[in-house]
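**Q** Take a look at the following structure, please.
The values are calculated or read from the model by the stated rules, or taken from the named source; none is laboratory data. Bear in mind that the values here come from a model prediction, so they are computed numbers and not experimental data. Note that we place each Cβ from the backbone using ideal geometry, even for glycine, and neighbour counts take in every protein chain shown.
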Amino acid sequence: MRFIRAFWGDLNHHDGVHIREITHVAKTSKLNDRVYVWGDANNDFMISLGFDTVKVSSDSTVYGSDYLDDCRTFFNHKLKAISLGVREFGEVVFLDWDCHQVREIDEDFYTLLRFQNKNIQFPMYSFPEDYVERVLNEWSNIGEKDKSYLIKQFEYIKKHNYRLGNDYIVPNFSFVYCSDASIMSELFELSYNEYVDLMTEESAAMYYIKQIRPTLEEFVQKNEPLVCDAKDENHFNQKEYNTFVKKYLNKQLYFIHE
């Protein structure tokens, strides 16, 4: 098994937040991360920080260059990275740069991850019905592009989800365990099928998983990882979802998404 990450696009996006996140991982991670990279300059930056990289393409945005205008396919870079990792290593744990390790990796990690014997695992996070209003109230200086993305994202969340009370429960692809590259291929293909109303790799994952796990209970028991949470309990109504999960699973957290 190998831990992998990915980077594509503009390192300076959003005032350099990616540079700060990547540099922090380089300084703190002991996971021997393999990074799949799009773009010559991006690859050079990763190498300068000591990462083991695979340059997938000199083009930094093969599947679209804009997270709003190309949202259906922009995150296919991530799906491609996971697919490449599985083909290379057999099984991988994909991590976003803001998915933080909170416990040292030990043999229990691998045992727990393989316990369910499922070839795709990822956590879920919770969105309240008034999500947009709450974010706009808290993020007073949001730019117009991010505001448009936020509104558009939530419209898709309302179409593809599980429900828990009044909340929408959807995939968080900050942590993905995968041992079957064909799943990534299927998610990849979904993004090009106009009859499927999708926005990101997470909405593609929601569409996919609901075909095989019609209920939230089934998903939790089969595909929610035992080693990671999508968010801590201060994130909107995440506490209600985490409490729901505890009825079925006894987690030992090694990672949590910021």
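**Q** Name the single residue, out of those in region 42-61 being in a loop (DSSP other than H, G, I, E, B) and among the hydrophobic types (A, V, I, L, M, F, W, C), that is surrounded by the most Cβ atoms within 10 Å (Cβ to Cβ).
**A** Restricting to residues being in a loop (DSSP other than H, G, I, E, B) and among the hydrophobic types (A, V, I, L, M, F, W, C), the top hit is F51.
**Q** Quickly run through region 168-207 and pick out the residues that are under 20 Å from L226 (Cα atoms), assigned to a loop (DSSP other than H, G, I, E, B) and acidic (D, E).
**A** Once the filter is applied, which keeps residues that are under 20 Å from L226 (Cα atoms), assigned to a loop (DSSP other than H, G, I, E, B) and acidic (D, E), region 168-207 yields only D180.
**Q** Which pairs do you get when a residue that is farther than 16 Å from I209 by Cβ and without any contact (Cβ under 8 Å) to a residue 40 or more places away in the chain, found in region 107-127, comes within reach of a residue that is aliphatic (A, V, I, L, M) and assigned to a loop (DSSP other than H, G, I, E, B), reach meaning Cβ atoms under 9 angstrom, with the pair 6+ apart or on two chains?
**A** Within 9 Å, the pairs are R114/M1.
**Q** If you don't mind, another one. If you take the residues of region 213-231 that are within 14 Å of Q121 (Cβ to Cβ) and acidic (D, E), which of them is surrounded by the fewest Cβ atoms within 10 Å (Cβ to Cβ)?
**A** My answer is E218.
**Q** If you check K251, K210, K239, which single one turns out to be among the basic types (K, R), assigned to a loop (DSSP other than H, G, I, E, B) and either surrounded by fewer than 23 Cβ atoms within 10 Å (Cβ to Cβ) or within 18 Å of the chain's Cα centre (by Cα) (or both)?
**A** Unique residue meeting the criteria: K251.
**Q** Among the listed residues G64, G39, identify the single one that is touching a helix residue (DSSP H, G or I) at 6+ places or on another chain (Cβ under 6 Å) and either surrounded by fewer than 17 Cβ atoms within 10 Å (Cβ to Cβ) or on the phi > 0 side of the Ramachandran plot (or both). Outline the logic, then answer.
**A** Working: G39 fails: touching a helix residue (DSSP H, G or I) at 6+ places or on another chain (Cβ under 6 Å).
Of G64, G39, the one residue that is touching a helix residue (DSSP H, G or I) at 6+ places or on another chain (Cβ under 6 Å) and either surrounded by fewer than 17 Cβ atoms within 10 Å (Cβ to Cβ) or on the phi > 0 side of the Ramachandran plot (or both) is G64.
**Q** State yes or no: is S174 surrounded by 20 or more Cβ atoms within 10 Å (Cβ to Cβ) and under 19 Å from D96 (Cα atoms)? Talk me through it step by step, then tell me what you get.
**A** On the way: surrounded by 20 or more Cβ atoms within 10 Å (Cβ to Cβ): yes; under 19 Å from D96 (Cα atoms): yes.
Answer is yes for this residue.
**Q** I've got another one for you. Would you tally the residues in region 122-146 being modelled with pLDDT of 95 or more, among the aromatic types (F, W, Y) and surrounded by fewer than 14 Cβ atoms within 10 Å (Cβ to Cβ)?
**A** Total meeting the criteria: 0.
**Q** Within region 113-127, can you find the residues that are within 17 Å of the chain's Cα centre (by Cα), closer than 14 Å to L226 by Cβ and not in a strand (DSSP E or B)?
**A** L113, F122, P123
**Q** Can you tell me which residues in region 179-190 are in contact (Cβ under 8 Å) with a residue 12 or more places away in the chain and surrounded by fewer than 24 Cβ atoms within 10 Å (Cβ to Cβ)?
**A** Answer for region 179-190, where residues must be in contact (Cβ under 8 Å) with a residue 12 or more places away in the chain and surrounded by fewer than 24 Cβ atoms within 10 Å (Cβ to Cβ): S179, D180, A181, I183, S185, E186, F188, L190.
**Q** Okay, moving on. Looking at region 72-104, which of its residues are part of a helix (DSSP H, G or I) and charged (D, E, K, R)?
**A** Once the filter is applied, which keeps residues that are part of a helix (DSSP H, G or I) and charged (D, E, K, R), region 72-104 yields R72, K78, K80, R87, E88.
**Q** I would also like to ask the following. Restricting attention to region 137-167, which residues are without any contact (Cβ under 8 Å) to a residue 24 or more places away in the chain and either more than 20 Å from T200 (Cα to Cα) or part of a loop (DSSP other than H, G, I, E, B) (or both)?
**A** N137, E138, W139, S140, N141, I142, G143, K158
**Q** Continuing with the same structure: Of the numbered conditions (1) at pLDDT 95 or above; (2) within 18 Å of the chain's Cα centre (by Cα), R72 satisfies every one except a single condition; which is it?
**A** Single failed check for R72: (1).
**Q** Taking N32 as meeting all but one of (1) closer than 28 Å to N250 by Cβ; (2) in a loop (DSSP other than H, G, I, E, B); (3) at pLDDT below 95, write down the number of the exception.
**A** Failing condition for N32: (1).
**Q** Scanning region 216-258 for residues that are among the hydroxyl-bearing types (S, T, Y) and in contact (Cβ under 8 Å) with a residue 60 or more places away in the chain, which turns out nearest to D108 (Cα to Cα)?
**A** Y254
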